[in-house]
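What follows is one structure encoded as structure tokens, with my remarks underneath.
The values are calculated or read from the model by the stated rules, or taken from the named source; none is laboratory data. Here the structure is a predicted model, which means the values were calculated and not measured. Counting neighbours? That spans all protein chains shown, and the Cβs are built from the backbone with ideal geometry, glycine included.
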There are 4 protein chains.
Amino acid sequence: MKLTPEQKQEIADQQSQKNPTKRVTSLELEKILYEALPVLDHGFIRVIDYMGDDSSIVQSARVSYGKGTKKVSTDEGLIKYLMRHWHSTPFEMCEIKYHVKLPIFIARQWIRHRTANVNEYSARYSILDKEFYIPSKEQLSAQSTINRQGRGNLITGDQAEEVLQILKDDATRTYDNYEKMLNERFDGSTIDENKAGLARELARMNLTLNSYTQWYWKTDLLNLLNFLFLRADSHAQYEIRVYADKMLETVKKWVPITHAAFLDYRIGAVHVSAKGKKVIQQMVNGKKVDIENSGLSKREWNELMTSFGFTEKIV
Amino acid sequence: MKLTPEQKQEIADQQSQKNPTKRVTSLELEKILYEALPVLDHGFIRVIDYMGDDSSIVQSARVSYGKGTKKVSTDEGLIKYLMRHWHSTPFEMCEIKYHVKLPIFIARQWIRHRTANVNEYSARYSILDKEFYIPSKEQLSAQSTINRQGRGNLITGDQAEEVLQILKDDATRTYDNYEKMLNERFDGSTIDENKAGLARELARMNLTLNSYTQWYWKTDLLNLLNFLFLRADSHAQYEIRVYADKMLETVKKWVPITHAAFLDYRIGAVHVSAKGKKVIQQMVNGKKVDIENSGLSKREWNELMTSFGFTEKIV
Amino acid sequence: MKLTPEQKQEIADQQSQKNPTKRVTSLELEKILYEALPVLDHGFIRVIDYMGDDSSIVQSARVSYGKGTKKVSTDEGLIKYLMRHWHSTPFEMCEIKYHVKLPIFIARQWIRHRTANVNEYSARYSILDKEFYIPSKEQLSAQSTINRQGRGNLITGDQAEEVLQILKDDATRTYDNYEKMLNERFDGSTIDENKAGLARELARMNLTLNSYTQWYWKTDLLNLLNFLFLRADSHAQYEIRVYADKMLETVKKWVPITHAAFLDYRIGAVHVSAKGKKVIQQMVNGKKVDIENSGLSKREWNELMTSFGFTEKIV
Amino acid sequence: MKLTPEQKQEIADQQSQKNPTKRVTSLELEKILYEALPVLDHGFIRVIDYMGDDSSIVQSARVSYGKGTKKVSTDEGLIKYLMRHWHSTPFEMCEIKYHVKLPIFIARQWIRHRTANVNEYSARYSILDKEFYIPSKEQLSAQSTINRQGRGNLITGDQAEEVLQILKDDATRTYDNYEKMLNERFDGSTIDENKAGLARELARMNLTLNSYTQWYWKTDLLNLLNFLFLRADSHAQYEIRVYADKMLETVKKWVPITHAAFLDYRIGAVHVSAKGKKVIQQMVNGKKVDIENSGLSKREWNELMTSFGFTEKIV
């Protein structure tokens, strides 16, 4: 991640603010506000603004519950209760805004989460930065042979070199041709004074999907957690998971009680189907179980055993 | 609007906070933060929290537009441009949270605006306040004879007295019976120690629709303006319009540039249909126009003339 | 549930249609299309329209997955896989529209589910039907002493009679006064020709919350299942649960494969927290477990044991 | 647009269905159901399913309005009234589903409309088709010198040839390298039996933004009209406008009354600001107007004059 001196100065200016407010503040989150936290080779996330903290969840739930809640002993108890019983609306009462720089093919996954507000850098209007995502060698995996949408073994040696060379060459060439068609370089300078450049909204179509874009992305805590549940998961593509992991760290600074409840009741939890429940019941009761009588498919059986770490029973 | 001493103290405590923050703040809005602004006889709105100000709209639009926007001269110019050309996403980058006390029949209109976050005081869990909306005499209108969902002339004299008496009596009696069924008074005290009260989730069904409820309501600036466009309008029911009017004042304090653009391009604007456009063109060109050749219905014709203040031409 | 002869005729007319279409149809759902299925004392649900069936989920998922899906053996396998792994978008590709008649205090719970389309009968515009929900004696429960928002033991004898009398009397009296203020009876006839009635939008505030309203409610299959997950649950209030149960029957007719997967992976499933998982692991491995070392609260412990039917271990 | 024989057969099979239904049907829309209507060089839209017609809007509005609406003379009158007065919910009661094939850079604009359901062909799971959008010579415009996000004069001659050659060459080369990295050709055949291919979720990043993708896209009529209002507009990029134009034709077949009202009250309408209204008033009253006293910026003044076709007054 490279920031220009101007960008660094703009961030420093924002961080030097010290405004008095009557609003609740999150001390830990304030410390990293505006900071560009690096992700992948050229990407970042920055927390730009936020509303509320753990106490705001309790506050709004207590309106919802009125006088009665006085008996609930602690904020932590209430937040855990709400999370455990799928109460959703109190978690919508906190809001956060990120500035994110990310490869376009990841942006296309990300935008599928619709309950968020987005302003993306417009390539109809401006020239995109000359930056492309090139995976590190540790991420150069072959197509999985067992999971149609996953990664398998690492690709190494000459084949790995060839892949990296292709990715670099093609991204560079298509970007150079993008500038040529625009008749304008990435820094805004004109190439040939006697020519008109192709419209930006057309020229951009020549760029590859690993080009970096950026956007402002704002959402409430509930929908952020839903995003993280799916994207900080081992089934998510690595290149979006690293963003989710970094965001999860900001959630911990922002709303630590909710973060702990989220780890316990969502991230680390197991969802057991009605049929799977019977298998667990039999196991606890010391009865012999096997896949034939379980009603589970082989895949389901293995997912169930794996989720509880009962590795010896996988078929 | 009556607040208990405890409630007054809680508000004062919140207002006495002075937290340092790196976030942008809205000076004028801070001044009225948490304050209970009275609406109707027992209702209020309170601004509980907010995120962003006018500059946040520009900031996110400029990410959207990137380097190119440096040429746009002022924030005001950009905000006006965005509003005029129906750009929506930058206005979603500001967020506000209200605590509202309002009659249930108004809450039922309000909740139809779905792009907001809501936590309502739960009558399954708690006892509702002993407060009902009784219209002032100035609001006691007859059914309109020309508008199926509007108000006509004022009802006065004995009939007005009778209406007010009915509303007061019925609300009081149904509330008293609510307490009786609950075996519990509004202050939480038990009526008959030897009896179990009816479940709250059942007893509440005896209350009338002018009972007051309350909720936390949070939305972004775009959806707030959409709400205000419909509810601060003369066609909206008076009892919701007074809430919208009060909220519009808070918008002015919060984002004054956006507020001015909203008045110019939405609240005070006229929407002219394709057929209506032809009529206006002819009028400007000094041609005689009449409803027969306009393709407009009588109702449309009058709406068009009224909207431009051409009263003499109404048929 | 009483329908007027006109309403019955309108339903019969709709049911007698036999239009040819190239769209997929659901044979079982067609059989009950438009039929008023009774719920509570005066309510109903009617399926008015639908789009798609089980095959539509597979069809859209296969576009999502492209050529690769040819290997997935059956529609059922794919639908179960999608449900198990929280894939949401394919289930959004089916849509259903209901006409529902329900008490207002239940409508207020229902409307909290925001991802649906709603048109409600307008009491600003029209007179509401003279119908109120009065619970059956089997539903007249006391407030629960252990659950702040639940029901406990049945109320019986004189106290039960008194409650029912109150509910009937208050609903009748407030409705009569509603007519008096409107100067119009429920059938549209005028009471006193020499008077103007109070505006409908005002008079309605005198009605009690057990008055019946009605609406058209349209949603996609994913959001319908989310609604049913929460509302067909034992923690939901009885008066909304009976609607959810009836709707679940229509889902079975409409998309039987999805319905079965929903029962297995949602309705009958157990969600085990990270801490709960460790307890189950120890139980399966024959180790002694107790609440002290589990990190679970007493409430959590009991919820876990109950969910697996391990009743003897409840503390 | 090329379809394989298998794809043509699948479409023909769907079109040969003749299922009886009690649901309302749209005769004109049924005629083109499933048909691939060509857009751009390789794209298409296909109507896959729909729910409701013009009468469904009236039906749901009449529940909303109850008995009272019997006096509204015709469906057309009601639909026009609803559209004119920004009533939104009745238009949400119709639903339509499209299958769309489109270039990725257009898909990225399209997906910004969030109130729709989407299933996209997954390049994590499958190989994308070997098809790229190459503009026709008539669309090869230079960047506009007056509109930062628009097109100006046509690029011609050698420069045009060079642009087209670049777009073709770069798309072809990056696709060939995509196959090479995958070790698999677009038809699914393996290139080198002794090698493992790069994971699909990685290899796809090498493709250019004019590659074609496809998705199922489902939305309600209200949100479809909002989409078309913005995208069938002259300010929209040509490459998305042609999709919107084609969809507008399907709306005409589906709900002809709503389509006509949409043209009159939205597409062909003029939105006049409060300040602009004063200018029009003065013009109608024969007073001299000029930009100085209007309070309008030069840009606003010109937009106002252009919208009414008062070309002689542009400054």
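A few comments on the model shown:
- Residue in segment D:220-242 that is touching a residue at least 12 places away in the same chain (Cβ under 8 Å), part of a strand (DSSP E or B) and either within 24 Å of D:MET1 (Cα to Cα) or assigned by TED's automatic domain parsing to the domain that holds D:ARG84 (or both) present: yes
- Residue among C:SER56, C:SER16 that alone is facing chain D (nearest Cβ under 10 Å), exposed (fewer than 14 other Cβ atoms within 10 Å of the Cβ) and modelled with pLDDT under 95: C:SER16
- Pick from segment B:177-215, criterion touching an Asp or Glu at 6+ places or on another chain (Cβ under 8 Å) and in a strand (DSSP E or B), ranking: farthest from C:LYS180 (Cα to Cα): B:THR190
- Subset tally (residues that are modelled with pLDDT under 90 and surrounded by 15 or more Cβ atoms within 10 Å (Cβ to Cβ)) for segment B:295-315: 1
- Residue check, D:THR174 outside the structural domain of D:TRP215 (by TED's automatic domain parsing), part of a loop (DSSP other than H, G, I, E, B), touching a strand residue (DSSP E or B) at 6+ places or on another chain (Cβ under 8 Å) and over 17 Å from A:GLN159 (Cβ atoms): no
- Per this entry, D:GLU300 is not counted among residues that are more than 10 Å from chain B (Cβ to nearest Cβ), among the charged types (D, E, K, R) and in contact (Cβ under 8 Å) with a residue 24 or more places away in the chain.
- One residue from A:THR74, A:THR25 being modelled with pLDDT of 90 or more and farther than 30 Å from A:LYS137 by Cα: A:THR25
- None of B:LYS287, B:LYS313, B:LYS277, B:LYS253 is more than 26 Å from D:LYS287 (Cβ to Cβ) and among the basic types (Lys, Arg) except B:LYS253.
- Residues being of a type in the set (Lys, Arg) and free of Cβ contacts under 8 Å to residues at least 12 places away in the same chain - total across segment D:1-48: 3
- Test: A:ILE257 is under 25 Å from C:MET83 (Cβ atoms) and part of a helix (DSSP H, G or I): no
- In the set A:ALA123, A:ALA142, A:ALA160, only one residue is at the interface with another protein chain (Cβ under 7 Å from one of its Cβ atoms) and not basic (Lys, Arg); that residue is A:ALA142.
- Residues of segment C:117-155 that turn out to be touching a strand residue (DSSP E or B) at 6+ places or on another chain (Cβ under 7 Å) and buried (at least 18 other Cβ atoms within 10 Å of the Cβ), as a count: 17
- Listed by position, the strands (runs of 3 or more DSSP E) inside segment A:3-54 whose residues that are within 18 Å of the chain's Cα centre (by Cα) and at negative phi number at least 2 are A:37-39, A:43-51.
- Filter pass, D:ILE280 being buried (at least 18 other Cβ atoms within 10 Å of the Cβ), more than 19 Å from the chain's Cα centre (by Cα) and closer than 26 Å to D:SER26 by Cα: no
- Evaluated against (1) within 24 Å of C:LEU202 (Cα to Cα); (2) outside any loop (DSSP other than H, G, I, E, B); (3) at the interface with another protein chain (Cβ under 7 Å from one of its Cβ atoms), B:VAL118 falls short on exactly one condition, (1).
- Residues within segment C:78-90 that are crowded, with 24+ Cβ neighbours inside 10 Å and either assigned to a loop (DSSP other than H, G, I, E, B) or facing chain D (nearest Cβ under 9 Å) (or both), tallied: 1
- The set of residues in segment D:262-297 that are within 7 Å of chain B (Cβ to nearest Cβ) and of a type in the set (Lys, Arg) comprises D:LYS275, D:LYS277.
- Residue match in segment C:163-171 (condition: under 16 Å from B:ASN177 (Cα atoms) and in a strand (DSSP E or B)): no
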